[in-house]
Amino acid sequence: MIGRVGHRSAHSLGRRVLYALRAFFLGGVSKGQAVYFVNHRGHRYKRVVFGDSHQAEKVERTLHEVAVRSAVPRLILCHEREVWVEFVEGRPLDPASSADLELLMHFYAELYRGGARSVPLADTPWHARLANDLWFLERAGVLSSGRVVEIARCGEELEPTTVWLGFDYVDPVVKNFIVAADGLKAIDIESFQAEQLLGTGIAKAGIHFPGFESAAFIDGMVEAGAPDFRAQQRYVELCFLAGWTKRKLLTGKQRYVQPERFDGFR
C-alpha cells in the first residue's frame with residue numbers, strides 16, 4: 001500500500017497554503033514544488049511534485065550528471081512532473097562540528113570538480129543580472145540610488161575577466177543535509193543546479209552558518225581538487241546577495257531583507 005506520511009504531508013500542505021496566501025496578498029511569487037513522504041512496503045520515499053514536467057526532467061538530468069554521486073539520494077522515478085528519490089535516514093548536519101564541515105568541504109570540492117569550465121565573464125549573463133537586481137532593489141526602496149551607484153562601482157572593481165561555471169548546490173542550510181551511515185547526503189534535490197557561478201553555494205553558507213569561515217573553507221576545497229575559483233568569490237558573493245535579497249523581498253520574507261548586508265561592498 002502506498003500512502004502519505006500524515007504529519008509530514010500536512011506540514012507540506014500547510015507551507016504551500018502559506019506560500020499561496022503570501023503570494024496572493026503581497027503580490028509576490030510562490031514556491032514551485034511540493035514535497036510528500038510516501039510509504040511503500042515498509043520503505044519510505046520522498047516524492048517531489050514540480051510545476052511542470054520540464055522542471056522534473058531538468059532535476060532528473062542534473063542528478064544523473066553531478067559528479068558527487070555518493071551524496072545524491074537514489075533516484076527512483078521521474079514521471080511527468082514528479083521525481084521520487086529514496087528517503088535518507090540519518091542526523092542533520094552540524095555546522096559547528098569541524099568533522100561535519102570537513103564532510104561538507106569535500107562534498108563541494110567533488111561537486112565543483114565535475115564539469116567545471118572557465119569562460120569569459122562577458123559571455124555569461126551574470127553582470128547583466130547583477131545590474132538588474134540592483135536596479136530592482138533601488139526601485140523597491142531597499143537601497144538608495146547613491147548606494148546602488150556605490151555597489152555597482154564596487155562590482156565593476158571586483159569583476160574577474162573569466163569565471164568558473166559548473167554544478168553548485170545552491171541552498172546549503174542545515175535541513176538540506178543529512179549525515180547518514182555512509183556519509184553526507186544532500187537531500188534537497190532541486191538545489192543541485194548546473195551552469196552556476198562556482199562559489200554561489202558557499203556564499204549562501206556564509207549567511208546561514210554562524211561563524212562560517214568561507215576563505216578557509218574554499219582553501220580546503222581547492223586543496224582537495226576543486227578549481228581555483230578564489231579570485232571570483234567576492235564578485236560571486238555580491239551577485240548572490242543581490243539576487244537572494246530580491247527573492248526574499250518578492251516571497252514576503254522581510255526579515256531577511258537587510259540592506260546592511262551590502263556594507264562590505266563599497
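The values are calculated or read from the model by the stated rules, or taken from the named source; none is laboratory data. Not measured: the values here are computed from a predicted model. With ideal geometry, Cβ positions are generated from the backbone for all residues, glycine too; neighbour counts draw on all protein chains shown. Just the protein is used for accessible areas: all its heavy atoms, side chains included, with ligands, DNA and RNA removed. Shrake-Rupley method; radii C 1.70, N 1.55, O 1.52, S 1.80 Å.
Of the candidates Val174, Val236, Val149, the single residue that is among the β-branched types (Val, Ile, Thr), touching a strand residue (DSSP E or B) at 6+ places or on another chain (Cβ under 6 Å) and within 25 Å of Asp123 (Cα to Cα) is Val236. Among residues of the range 240-262 that are on the phi > 0 side of the Ramachandran plot, those with a beta-carbon under 6 Å from a residue that is open to solvent by 50 Å² or more (accessible area, probe 1.4 Å) at least six positions away or on a different chain give the pairs Gly252/Arg22; Gly252/Leu26. Among the criteria (1) at pLDDT 95 or above; (2) at negative phi, the one Glu65 does not fulfil is (1).
Of the residues making up the range 32-45, those that are touching a helix residue (DSSP H, G or I) at 6+ places or on another chain (Cβ under 8 Å) and free of Cβ contacts under 8 Å to residues at least 60 places away in the same chain are Gly32, Ala34, Val35, Tyr36, Phe37. Pairs are defined by a Cβ separation below 7 Å, a sequence spacing of at least 6 or placement on different chains, a first member in the range 183-197 that is under 29 Å from Asp123 (Cβ atoms), and a second member that is among the aliphatic types (A, V, I, L, M) and open to solvent by 30 Å² or more (accessible area, probe 1.4 Å); the pairs so defined are Ser191/Val170; Gln193/Val170; Gln196/Val170. If the condition is being farther than 17 Å from Gly166 by Cα, touching a residue at least 24 places away in the same chain (Cβ under 8 Å) and not in a helix (DSSP H, G or I), then the range 46-79 contributes Lys46, Arg47, Val48, Val49, Phe50, Gly51, Asp52, Pro73, Ile76. Working only within the range 134-173, note down all residues that are among the charged types (D, E, K, R) and either in a loop (DSSP other than H, G, I, E, B) or over 30 Å from Glu110 (Cβ atoms) (or both). Once the filter is applied, which keeps residues that are among the charged types (D, E, K, R) and either in a loop (DSSP other than H, G, I, E, B) or over 30 Å from Glu110 (Cβ atoms) (or both), the range 134-173 yields Glu138, Arg139, Arg147, Glu150, Arg153, Glu156, Glu157, Glu159, Asp171.
Yes/no matrix, rows are residues, columns are (1) at pLDDT 95 or above; (2) of a type in the set (A, V, I, L, M, F, W, C); (3) buried (at least 17 other Cβ atoms within 10 Å of the Cβ):
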position: Ser191; (1), (2), (3): yes, no, yes
position: Leu197; (1), (2), (3): yes, yes, yes
position: Gly211; (1), (2), (3): no, no, no
position: Ile218; (1), (2), (3): yes, yes, yes
position: Ala224; (1), (2), (3): yes, yes, no
position: Asp228; (1), (2), (3): yes, no, no
position: Gln258; (1), (2), (3): yes, no, no
position: Phe262; (1), (2), (3): yes, yes, yes
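Can you pull out every residue in the range 139-153 that is surrounded by 12 or more Cβ atoms within 10 Å (Cβ to Cβ) and hydroxyl-bearing (Ser, Thr, Tyr)? Within the range 139-153, Ser144 is the sole residue that qualifies. Of all residues in the range 209-266, those satisfying the criterion of being more than 20 Å from the chain's Cα centre (by Cα), charged (D, E, K, R), closer than 17 Å to Glu138 by Cα and assigned to a helix (DSSP H, G or I) are Glu260, Asp263.
Among the candidates Ser70, Ser9, Ser53, single out the residue that is modelled with pLDDT of 55 or more, closer than 29 Å to Lys253 by Cα and of a type in the set (Ser, Thr, Tyr). Talk me through it step by step, then tell me what you get.
Details: Ser70 fails: closer than 29 Å to Lys253 by Cα; Ser9 fails: modelled with pLDDT of 55 or more.
Within the list Ser70, Ser9, Ser53, the selection yields Ser53.
What is the residue count in the range 174-214 for residues that are among the aliphatic types (A, V, I, L, M) and farther than 15 Å from Ala109 by Cβ? Final tally of qualifying residues: 11.
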